[in-house]
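Student: The structure that follows is given in the form of structure tokens.
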Amino acid sequence: MNKKKYGKAVALGLILSVCAMHPDMTAEGAYEAVDGIDLSSFMIQDGYEKCSPSFTALKDYEKYDDSFYYARYKQDSNSYDLISYYDFHYNCVTLILSDSVNFDAAYEAYFTDLDFDVICDDGMIRIYDTADEGDNPISPVTVERKVNEAKALCKKIYGDGILEYAVYSTAKVYYDRCSVENAICCTFEGTADALSEIAGKYSDNHTIRASETEENAYTIEFHDIQTLNRLDEICNSFNSEDDIPSVYRGSDSDLIVRFAAIGEMDLLAAVQKEAACDVDGSGTVDISDAVLILQHYAESAASGAAAASETNMDVNGDGSITIDDATEVLGIYAQNAAGVTGS
């Protein structure tokens, strides 16, 4: 496992270097939250429980070329929304500990025996696995189900009273998103009408625009082509079959780097919930905790008085001790017995 300590200067340097590669991207944009994108529709990993998706799936997108590109046609602007994914991380745990805790001391106390590839500190402690060389980034054979290991780690830290935030995600990924014109550009020695005749072999509805600054330069906008794959096929045909040089797709715009998390669950909430369900303080949620609640409830029912919330048996926090509290405990017990962490 790699241990990394990132300072603010390093983090700032990374942001500036990415911005330099993408002139249209701002540092603020580098951390823009994902909106309407979810990888769960194609990211299938054996051994993971399916979590409730936070975002809508890529159902309106088509797979574009042989890499991790997805495109969607937008009727209103006659353009394409193009997304490319990269830098896949798996079994991602993000933690925030109390300000008084030193990272190096925390590393020695909690993280040395973890079976994860990387742990780093960049203001938050991040733990994750990476795909090995030769793995398929969509579903690497090396991925193991680590959610329970992450939960056990959080229980230990929470028990020591220094855990302030803990979130687990099955996968995280960065992606570029840009807008692509539904058009191709080319250099053509003939007239606009002659070019339109050639374009007519591929499209019944197109517009020819001559460049105002470059001689013999034209843009062909298509109004009846609605897939980016087909647009690329036309580009290739112009070059290979129609012998028109310098053919390229319409310009990209609004390039920005974003970030998506898949299968995210609140580990701190799960640990807190489990701690509340450990009624007898044994360190484990089991049937005996439910039995204590049911006994208390039965005694209150027999005496004709409502079960009060004077004890720690009101595990669901509704102000009374009822069968619902016992059900909550048994749910946690069943999850633990099955090796499942609730989201």
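Student: Work out how much length residue 132 to residue 86 would gain on full extension: take 0.36 nm times their residue separation and subtract the Cα-Cα distance, in nm to one decimal.
Tutor: Length difference between fully extended and current span is 15.1 nm.
Student: Near the amide H of residue 117, under 5 Å away, which other amide H atoms are found, from residues 5 or more places off or on another chain, if H is placed in the peptide plane?
Tutor: For residue 117, whose amide H was placed from the backbone, the distant partners under 5 Å are 128, 129, 130.
Student: Say the cut-off is 19 Å between C-alpha atoms; which of 63/201; 63/146; 151/273; 156/273 go over it?
Tutor: Those over the limit are 63/201; 63/146.
Student: Would you please give the FRET efficiency between residue 63 and residue 142, computed as 1/(1 + (r/R0)^6) with r the Cβ-Cβ distance and R0 = 22 Å, to the nearest 0.05?
Tutor: The formula returns an efficiency of 0.35 here.
Student: A further question follows. Sorted by average packing, counted as other Cβ atoms within 10 angstrom per residue and highest first, what order do 235-244, 100-109 take?
Tutor: Going from most to least packed, we get 235-244, 100-109.
Student: Could I ask something else about it? Computed FRET efficiency, Cβ-Cβ of residue 174 and residue 302, R0 41 Å: what is it to the nearest 0.05?
Tutor: Once rounded, the FRET efficiency stands at 0.10.
Student: Measure off, as a whole percent, the carbon and sulfur share of the 1.4 Å-probe accessible area of segment 126-282, all protein chains present.
Tutor: Result for segment 126-282: 43 percent of the exposed heavy-atom area is carbon or sulfur.
Student: Step through the residues of segment 203-210 one at a time and calculate ³J(HN,Hα) from phi using the Karplus curve (6.51 cos²θ - 1.76 cosθ + 1.60, θ = phi - 60°), rounding each to whole Hz and writing x for Gly and Pro.
Tutor: 8, 8, 9, 8, 10, 9, 10, 7
Student: Hey, another quick one. Based on the Cβ-Cβ distance from residue 77 to residue 233, what FRET efficiency comes out when R0 is 22 Å, to the nearest 0.05?
Tutor: 0.55
Student: Scan around residue 316 for amide H atoms under 5 Å from its own, H built in the peptide plane at 1.01 Å from N, and keep only partners 5 or more places away or cross-chain.
Tutor: Distant-sequence amide H within range of residue 316: zero hits.
Student: Could you order the peptides 151-158, 252-259, 295-302 from most to least packed, using the average number of other C-beta atoms within 10 Å per residue?
Tutor: Ranked by mean Cβ neighbours within 10 Å, highest first: 151-158, 252-259, 295-302.
Student: If you stretched the chain out fully between residue 223 and residue 255, how much longer would it get, using 0.36 nm times the residue separation minus the C-alpha to C-alpha distance?
Tutor: Full extension of this stretch gives 9.2 nm more.
Student: Here's something else I'd like to know. Please turn the phi angles of segment 93-110 into ³J(HN,Hα) values with the Karplus equation 6.51 cos²θ - 1.76 cosθ + 1.60 (θ = phi - 60°), one per residue in order, whole Hz, x for glycine and proline.
Tutor: Karplus-based 3J(HN,Hα) across segment 93-110 equals 10, 10, 10, 10, 9, 4, 4, 6, 8, 7, 4, 4, 5, 5, 4, 5, 7, 10 Hz.
Student: Shifting gears a bit: Apply the Karplus curve 6.51 cos²θ - 1.76 cosθ + 1.60, θ = phi - 60°, to the phi angles in segment 235-248 and return the couplings in whole Hz, x for Gly and Pro.
Tutor: Karplus values, whole Hz, x for Gly and Pro: 4, 5, 5, 4, 7, 8, 9, 9, 6, 9, x, 6, 9, 8.
Student: Expected output is a single nm value to one decimal: the length gained when fully extending between residue 269 and residue 241, i.e. 0.36 nm times separation in residues minus the C-alpha distance. What is it?
Tutor: Stretched fully, the residue 269-residue 241 segment lengthens by 3.9 nm.
The values are calculated or read from the model by the stated rules, or taken from the named source; none is laboratory data. All values reported here derive from a predicted model rather than from experimental measurement. With ideal geometry, Cβ positions are generated from the backbone for all residues, glycine too; neighbour counts draw on all protein chains shown. All accessible areas refer to the heavy atoms of the entire protein, side chains included, with ligands and DNA or RNA removed. Shrake-Rupley method; radii C 1.70, N 1.55, O 1.52, S 1.80 Å.
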